[in-house]
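Inspection log for the structure reproduced underneath, given as structure tokens.
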């Protein structure tokens with residue numbers, strides 16, 4: 001009954017504004033309860049639509065590699081003071097920046113573990129709802145701003161302003177010069193550095209893209225990563241700027257960035273003896289598709305098969321058709337499936353995505369398939385793949401649950417992918 005009442009209240013147009021005072025008081029109360037633990041750490045906050053998690057991991061790994069004890073709090077995991085992935089705790093909640101109570105509790109644990117730094121992934125929701133109240137931000141990092149969360153923020157201007165709260169707090173900002181929102185964020189801070197490929201104070205030159213990672217030069221710093229895609233040029237460039245601001249040496253920055261092998265659910269490949277590339281990624285916005293799919297199309301020797309859903313129930317429905325259009329443009333075969341549909345009929349969502357896919361000339365039953373059950377869709381994608389093909393499973397990434405009309409169900413996409421790949425041998 002409590003959840004039903006909340007869901008009905010959330011439909012009110014003024015619900016979000018009505019709850020802001022509550023969030024403010026709640027955040028302040030939990031800050032007091034845990035002794036404002038963020039004040040004991042040098043906090044690096046990372047925000048943006050895409051790339052927050054990978055950028056956070058790169059900074060965390062780089063600092064620890066240089067001997068700076070650093071904790072991490074992201075969509076994927078938290079903890080890890082010392083830089084060992086085995087020491088990270090899974091992020092089980094279905095949100096990036098957790099509630100103010102859990103956030104302060106975990107920051108206290110990180111501070112008591114002897115950390116000097118904390119890399120904190122920060123969302124627009126968290127900033128709007130004061131979840132980071134009382135946490136001083138030494139360095140604020142901006143990755144990019146693209147179409148997302150308009151179900152909550154209503155307009156791109158509101159979304160941009162919500163992200164901007166981080167830079168009003170931060171003593172220093174690291175901003176993506178190739179993103180148009182940076183012009184706005186420059187007004188929110190006096191101390192900043194910009195990075196980019198086309199422009200910026202720090203630029204990537206001589207960029208080399210490969211399935212196994214990216215390489216480029218930034219002044220006299222030579223960067224090599226184990227993370228593929230043009231977006232990881234930007235993510236690692238942001239980390240370079242943070243490293244230089246903190247005072248790491250050229251060698252410490254280079255070694256630290258190269259030392260990160262992979263981030264759970266982000267451009268992670270699977271090898272079960274199949275003769276095609278199977279890869280998972282959390283990409284779930286039109287911009288993320290536009291950055292990932294062209295690179296993967298160029299890198300694959302055979303066909304590009306893409307499986308995904310889009311904007312589940314109670315989420316930003318306006319991105320469904322554009323995402324479908326981008327997928328149809330670059331993929332040879334598109335398979336549409338569920339993605340946290342919640343109370344919205346799954347086929348209704350798939351039909352909206354399908355409208356975009358069909359703009360590329362794809363036809364259902366030939367190179368476009370609608371399979372509502374996600375594990376069945378994964379199985380279909382693997383069975384369709386031939387030698388030299390690339391199969392991308394997008395949208396769920398690291399998440400441990402899937403939300404349907406009757407609630408949350410245990411679901412972990414890497415396990416489903418491995419199961420489908422192993423079944424090919426039988």
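The values are calculated or read from the model by the stated rules, or taken from the named source; none is laboratory data. Keep in mind it's a predicted model, so treat the numbers as computed, not measured. Please note: Cβ atoms are built from the backbone with ideal geometry, for glycine as well, and neighbour counts cover all protein chains shown.
Side notes on the structure shown:
- Criterion violated by residue 288 - all others in (1) modelled with pLDDT of 90 or more; (2) in contact with a helix residue (DSSP H, G or I) (Cβ under 9 Å, 6 or more places away or on another chain); (3) in a helix (DSSP H, G or I) satisfied: (1)
- Only a single item in (1) in a helix (DSSP H, G or I); (2) closer than 15 Å to residue 47 by Cα; (3) modelled with pLDDT of 95 or more; (4) touching a strand residue (DSSP E or B) at 6+ places or on another chain (Cβ under 6 Å) is not met by residue 166, and it is number (3).
- Residue in the stretch 400-414 that is surrounded by the fewest Cβ atoms within 10 Å (Cβ to Cβ), counting only those that are in contact with a strand residue (DSSP E or B) (Cβ under 8 Å, 6 or more places away or on another chain) and part of a loop (DSSP other than H, G, I, E, B): 400
- Condition met for residue 248 (assigned to a loop (DSSP other than H, G, I, E, B) and either in contact with a helix residue (DSSP H, G or I) (Cβ under 7 Å, 6 or more places away or on another chain) or touching a residue at least 40 places away in the same chain (Cβ under 8 Å) (or both)): yes
- From the list 271, 220, 275, the lone residue that is under 27 Å from residue 362 (Cβ atoms), surrounded by fewer than 23 Cβ atoms within 10 Å (Cβ to Cβ) and either touching a residue at least 12 places away in the same chain (Cβ under 8 Å) or out of contact with any helix residue (DSSP H, G or I) (no Cβ under 8 Å at 6 or more places or on another chain) (or both) is 275.
- Yes/no for residue 416 being touching a residue at least 12 places away in the same chain (Cβ under 8 Å) and out of contact with any helix residue (DSSP H, G or I) (no Cβ under 7 Å at 6 or more places or on another chain): no
- Condition broken by residue 300, with the remaining ones in (1) farther than 23 Å from residue 332 by Cβ; (2) surrounded by fewer than 21 Cβ atoms within 10 Å (Cβ to Cβ); (3) in contact (Cβ under 8 Å) with a residue 40 or more places away in the chain satisfied: (1)
- Taken over the stretch 367-399, residues that are out of contact with any strand residue (DSSP E or B) (no Cβ under 9 Å at 6 or more places or on another chain) and either in the same structural domain as residue 77 (by TED's automatic domain parsing) or over 15 Å from residue 341 (Cβ atoms) (or both) amount to 4.
- Each residue in the stretch 200-217 was checked for being under 21 Å from residue 175 (Cβ atoms), modelled with pLDDT under 95 and surrounded by fewer than 18 Cβ atoms within 10 Å (Cβ to Cβ), and 0 pass.
- Here residue 83 clears all of (1) crowded, with 24+ Cβ neighbours inside 10 Å; (2) more than 18 Å from residue 266 (Cα to Cα) except the condition numbered (1).
- Taken over the stretch 205-222, residues that are part of a loop (DSSP other than H, G, I, E, B), touching a strand residue (DSSP E or B) at 6+ places or on another chain (Cβ under 8 Å) and under 19 Å from residue 260 (Cα atoms) amount to 1.
- Any chance residue 302 is farther than 10 Å from residue 390 by Cβ and either assigned to a helix (DSSP H, G or I) or more than 18 Å from the chain's Cα centre (by Cα) (or both): no
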